[in-house]
Amino acid sequence: MAATMIGRFGALFLLAVSPLQGATAAAESVAAPVQRDGQHDFDFETDTWTTNVRVLRNPLTGAAPVWAEYSGTSVVKPVMNGRANLVELAVGGTAGRIEGVSLRLYNPRTGQWSLNFASFRDGLLTAPVYGGFDGKGSGTFYGQDMLDGRAILVRFVITQVSPREARFVQAYSTDGGITWEDNWVAVDTRR
């Protein structure tokens with residue numbers, strides 16, 4: 001099922017439509033009928049977390065990976081009775097600071113979440129990713145973005161490792177989801 005979903009997402013996201021319209025249409029057309037109510041999937045994350053982040057500074061270049069490490073906090077707050085949540089991220093390291101907010105919105109019609117991140121560095125929203133949780137503590141989200149002038153697919157996987165730890169891995173693909181390169185790995189530990 002996962003390989004089929006990735007292939008379907010890859011094909012749909014690479015259509016010649018605007019990124020936001022294409023991502024929204026693709027997420028809604030691929031969404032399976034809602035089997036369960038997932039609007040509280042992020043409830044486990046409501047709290048203040050110590051966050052350790054590794055960011056690949058040269059993604060999709062083919063060069064030896066150069067990673068930057070950051071540490072700080074993530075504060076996750078429910079909004080609208082848990083149908084949305086807001087994440088405040090503030091981390092720093094030798095490469096500088098990353099500060100931003102993520103608004104996660106639940107669509108009860110599709111049973112999917114959209115994850116929308118804005119960096120305070122430039123005040124811009126990144127392209128959203130769409131998906132949901134498997135009911136076992138793991139969520140997978142896909143979207144389309146641009147990197148250095150080329151269209152890429154983005155996969156974001158959230159795993160509840162334990163009640164005190166969560167892991168977030170973002171990866172990029174240039175081949176429609178056949179191969180992926182991790183570029184953001186965060187481990188959150190509950191304070």
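The values are calculated or read from the model by the stated rules, or taken from the named source; none is laboratory data. Given the structure is predicted, the values throughout are model-derived calculations rather than measurements. As a convention, Cβ positions derive from the backbone with ideal geometry for all residues, glycine included, and neighbour counts pool all protein chains shown. The area values use the complete protein model at the heavy-atom level, side chains included, leaving out ligands, DNA and RNA. Shrake-Rupley method; radii C 1.70, N 1.55, O 1.52, S 1.80 Å.
Computed FRET efficiency, Cβ-Cβ of Arg164 and Leu105, R0 30 Å: what is it to the nearest 0.05?
Working: r = 26 Å, r/R0 = 0.87.
E between Arg164 and Leu105, to the nearest 0.05, is 0.70.
How would you rank 178-185, 128-135, 79-86, highest first, on the average number of other Cβ atoms within 10 Å across their residues? Each step should come with its number before you reach the end.
Working: 178-185: 15.8, 128-135: 20.1, 79-86: 14.0.
So the order, starting with the most tightly packed, is 128-135, 178-185, 79-86.
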Which value, in Å², gives the accessible area per residue of region 48-191 when a 1.4 Å probe is used on the protein heavy atoms?
-> 50
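Determine the share of region 91-191's accessible area contributed by carbon and sulfur atoms, expressed in whole percent, with a 1.4 angstrom probe. Before the final figure, lay out each step's value.
Details: 2690 of 5050 Å².
Carbon and sulfur together cover 53 percent of it.
So between Thr50 and Ile178, what do we pick up on full extension, going 0.36 nm a residue minus the alpha carbon distance? Mind showing how you got there, number by number?
Working: separation 128, 0.36 × 128 = 46.08 nm, distance 3.31 nm.
Extra length available between Thr50 and Ile178 comes to 42.8 nm.
What FRET efficiency do you get for Ser138 and Met80 if R0 is 22 Å and r is their Cβ-Cβ distance, rounded to the nearest 0.05? Numbers along the way, then the final one.
Numbers: r = 24 Å, r/R0 = 1.10.
So the FRET efficiency works out to roughly 0.35.
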